[in-house]
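*Asks:* Attaching a single structure in structure tokens format; questions to follow.
Only the coordinates and a few stated rules stand behind these numbers; no lab work does. From a predicted model like this one, the values you see are computed outputs, not experimental measurements. Reconstructed Cβ throughout: ideal geometry from the backbone, glycine too, with neighbour counts over all protein chains shown.
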Amino acid sequence: MTRRSRRFVFALAAALAAAWLAGCSAGSGLSGVDTSALERQADSAAAAGDLRAAADLYLRIAELTSGTTRAGNLIAAARAEIQLNNRLSAVELLERARSQASEAQLAEVELLLARIDFAEQRPAAALERLRPVLASQDSELRAAALEIQGLAQFALERPVDAIRSFSEREVWLNDVESIRDNQRSMWSNLGSVGPATAATGDPIVDGWLALAPIARMATTEDQRRALLQWRQTWRQHPAARILLTDLLMVSPEQATAPRQIALLLPLSTNAREPARAIRDGFLAAHLAGDTGRNADDVMVRVYDTGADGAEAAYLRAQIEGADFIVGPLFRESVEAVLPQSGLVPTLTLNHSLGDEDIFGNTFQFALSPEDEAIAVARRAIALGQRRAVALIPSNDRGYRIYNSFRERYEALGGEVLEFMGYDGAIATYGARITTLLNLDRSNARERTLQENLREDIEFAPRRRQDIDMIFLIANAADGRQLAPQLEYFYAGDIPTYSISEIHDPASRDRVSDLNRVIFPEVPWLIAPGSDTLQIQRTIAARWPERSVPMARFFGMGLDSYRILNTLYRDPFFTSIRGSTGELSMDAQGRIHRDLPFAQFRGGSVELIEDDSLRTRAPEIREMPEPIPEFPR
């Protein structure tokens, strides 16, 4: 064979070998061995925390592969060695990976080497290595690089730069847990920031700098108060919602019955009478040891939201060490405090306007007419009354209560045939009722007949016959005008339901006008339990002028105390037999009431004894979804 022939054969063999190597798949080794099984083993070992096995398997795969596949496995092995604290081995593996690494893999190599530099207390070297990595558009690489950069800057006593690095990192994070970890990392380093660090004019940076002296505090209680005061100044700061919730929220492991309770009520407003009744009911339950606890072991502090404002009173209660907050009362006050709730377990005394989830440590309790409307719907359906008409006030509240009734009534198989609004003008009541009952059409037929026959005829107007029940939303004054007219206009035989506000327990004026009207009412007024009777007697003796008119609010105060204590004993409670109804809690922490029913009979109010309804129609009793452990 000539020299030229030998050169040709050698070149051909080299070309064939190169083609074979290039054709090897990522899952195939240089010897043709399939490495996919080894890859699965390595990934499983890493996921299980067996880092030694994972590092060895990744290295073995690297020896059987080439190109970027080999580089990737060398990097994976180095990552495991770093976690095992074998930094020298990791550096060697990363240097070996360089020669066949892609651009993205080279950035990861520099990132891991920077991590090693920082771990070995070379923060300046770590910063230098991170320069090319910070140019990457890969969000995970960028976020990891910014973390190391921020830590290195803290180590070099450059806190402003460090805060900016961590703040920028937050932009690249996609979930709340990662953001919380980022803020926690920053908080843990703020203790090293010296007091001489000047403000920058950047509200994000300056807010973090204002946290630095708080991070250095040794006493937990002092730190808690300082954090709450910081939050008042820096409400819009990113740390105000996530980090402070993490630092201040009571964990389930720490949850104990409260030693200091704050009660927030509008005592110096036009609502002073119901506010005082709630206060007195709450304190009566507390002093009576309603839950078997010694009242001397618990302090109750009362805050006037009328004087201080709801937000200021809520913050002050936290700063002064409240373990549990009850209140505020007005709906707008609840809306105002919700954004700063969640750090201390809170039971508001009204519902927020929206249907959004409320924070895990916040619960809502109200004497809600919507609950009463739902109770009416359940009872009517249980009795087979499946076709209804409604007469309601023409205002937002009236429509809101009506919609609660209609939605539940229709969900349970009923049909609202028609509803009519009234505006409180007595002169319009009759016209509204005749239209609702179709009497106006009946009267029109009478006129047509008389005109056609041209003589007087005997005629009895006939109301519509397809109605099983009437839902009347009215207070006591309007009810005394409307109920007699319903009877006058031939609807006296139709079951008529209302809500509890049709009953004024302090008034005996024309109660007989309401005869036959059925309504849900708080047990405090119509079916008090034996444990409630003694408290009622005490309240009647101390405040005779307020014991009856404000009875529902006394019961609300009593039940607020019961709910508070039940939450600590049984965070998944589905039923409390309370003074304002049978109480249950839904998955959003809202307390709902199921009430007994009463009826006006012979000018007085009588309890309707029909608890068997719940047995005959179990579908109307809906159990709430379980809630996460309290405090959440």
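*Asks:* Which FRET efficiency value, to the nearest 0.05, is calculated for L383 and T256 with the Förster distance at 60 angstrom and r the Cβ-Cβ distance?
*Replies:* Working: r = 46 Å, r/R0 = 0.77.
According to the calculation, E is roughly 0.85.
*Asks:* Amide H of T65: which non-local residues (sequence gap of 5 or more, or other chain) have their own amide H closer than 5 Å, using H built in the peptide plane?
*Replies:* L30
*Asks:* Which ³J(HN,Hα) values, rounded to whole Hz and listed in residue order, are derived for segment 327-335 from phi using the Karplus coefficients 6.51, -1.76 and 1.60 in 6.51 cos²θ - 1.76 cosθ + 1.60 with θ = phi - 60°, glycine and proline given as x?
*Replies:* Result, rounded to whole Hz: x, x, 9, 5, 4, 5, 6, 4, 4.
*Asks:* Karplus couplings for segment 202-212 from phi (6.51 cos²θ - 1.76 cosθ + 1.60, θ = phi - 60°), rounded to Hz, Gly and Pro as x?
*Replies:* Per residue, the Karplus-derived 3J(HN,Hα) values read 8, x, 5, 5, 5, x, 5, 4, 5, 7, 4 Hz.
*Asks:* Check Q260: other-chain or 5+ apart residues with amide H under 5 Å from its amide H, H built from backbone geometry?
*Replies:* The answer is M299, D323, F324.
*Asks:* Please report how far the C-alpha centroid of segment 483-501 lies from that of segment 199-223, rounded to the nearest whole angstrom.
*Replies:* 64
*Asks:* Suppose we look only past 25 Å in the calculated P(r) of segment 257-364. What percent of the Cα-Cα pairs does that tail hold?
*Replies:* Values: 960 of 5778 pairs.
Of the Cα pairs, 17 percent sit more than 25 Å apart.
*Asks:* Let me ask something else about it. Given a Förster radius of 60 Å and the C-beta distance between R400 and R216 as r, what FRET efficiency does 1/(1 + (r/R0)^6) yield to the nearest 0.05? Mind showing how you got there, number by number?
*Replies:* Details: r = 51 Å, r/R0 = 0.84.
After rounding, the FRET efficiency stands at 0.75.
*Asks:* Using θ = phi - 60° and the Karplus form 6.51 cos²θ - 1.76 cosθ + 1.60, what ³J(HN,Hα) does each residue of segment 568-585 get, whole Hz, x for Gly and Pro?
*Replies:* Values, residue by residue: 7, 7, 9, x, 10, 4, 10, 7, 10, 7, x, 7, 10, x, 7, 9, 9, 10 Hz.
*Asks:* A follow-up question, please. Once amide H atoms are built 1.01 Å from N in the peptide plane, which residues 5 or more positions from T35, or in another chain, come under 5 Å H to H?
*Replies:* S28, G29
*Asks:* As a footprinting exposure proxy, order I75, I204 by other Cβ within 10 Å, with the fewest listed first. List each step's numbers first, then the result.
*Replies:* On the way: I75 23, I204 17.
Least crowded to most crowded, the residues run I204, I75.
*Asks:* Here is a follow-up. Let me check I've understood the local charge: for I204, count other residues with C-beta under 14 angstrom from its C-beta, Lys and Arg +1, Asp and Glu -1. What total comes out?
*Replies:* Values: positive: R164, R169, R235, R241; negative: D161, E168, E170, D202, D206.
For residues surrounding I204, the net value is -1.
*Asks:* Tally Lys and Arg at +1 and Asp and Glu at -1 over the other residues with C-beta under 14 Å from the C-beta of V160: what net charge comes out? Mind dumping the intermediate values first?
*Replies:* Values: positive: R158, R164; negative: E157, D161, E168, D202, D206.
With Lys, Arg at +1 and Asp, Glu at -1, the net is -3.
*Asks:* I need to check one value: relative contact order of segment 257-364, counting alpha carbon pairs closer than 8 Å and at least 6 residues apart, in percent.
*Replies:* On the way: 177 pairs, mean separation 31.5, N = 108.
Taking the mean separation of contacting Cα pairs over the length of segment 257-364, I get 29 percent.
*Asks:* Here is a further query. Once both labels are modelled 7 Å past Cα along the beta-carbon direction, what's the Y488-A199 spacing in nm?
*Replies:* Modelled inter-label distance: 7.0 nm.
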